[in-house]
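Structure first, then comments.
The values are calculated or read from the model by the stated rules, or taken from the named source; none is laboratory data. Bear in mind that the values here come from a model prediction, so they are computed numbers and not experimental data. Neighbour counts are summed over all protein chains in view; Cβ atoms, including those assigned to glycine, are modelled from backbone coordinates with ideal geometry.
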């Protein structure tokens, strides 16, 4: 094999590896993208959310998808969708603590190094934030927080 053939073969193998990796990543994220797209459509249809800016996948007792955003009337609301039945619950933000306040409170209270995610769902039929965080020692914690009051309902710490 001459030198140009080896270079061409090397470039072809690298290109094949890159295309394979990108295809794998695309297929891996397809279910998430599909769920998010469907949840946004339901949020627009059922809750009038036209500018979604939040999507969550809550998996505690049951699985819920949640979408938050502005309506045409510039009101912020959330819709919680049961992933199995499709049943929805619409929640107007009103006087509930904002998402960032919940995140900041958990970070302070548990000395979190990083907030991994925050998802909205139903726990015992009440709207609840599930906040997952990593502490400075590397352990993981979960905190369930009541949507309306901002009070901690359950903490699982040092996993």
What are the residues in the range 41-64 that are under 14 Å from residue 75 (Cβ atoms), assigned to a strand (DSSP E or B) and out of contact with any helix residue (DSSP H, G or I) (no Cβ under 7 Å at 6 or more places or on another chain), if any? 51, 53
From the residues in the range 68-103 that are in contact (Cβ under 8 Å) with a residue 40 or more places away in the chain and assigned to a helix (DSSP H, G or I), which one is farthest from residue 56 (Cα to Cα)? 101
Which one of these is over 13 Å from the mean Cα position of the chain (by Cα), under 25 Å from residue 33 (Cα atoms) and not assigned by TED's automatic domain parsing to the domain that holds residue 41: 132, 128? 128
Might you let me know whether the range 79-94 holds any residue that is surrounded by fewer than 13 Cβ atoms within 10 Å (Cβ to Cβ), within 18 Å of the chain's Cα centre (by Cα), in the same structural domain as residue 65 (by TED's automatic domain parsing) and at pLDDT 90 or above? yes
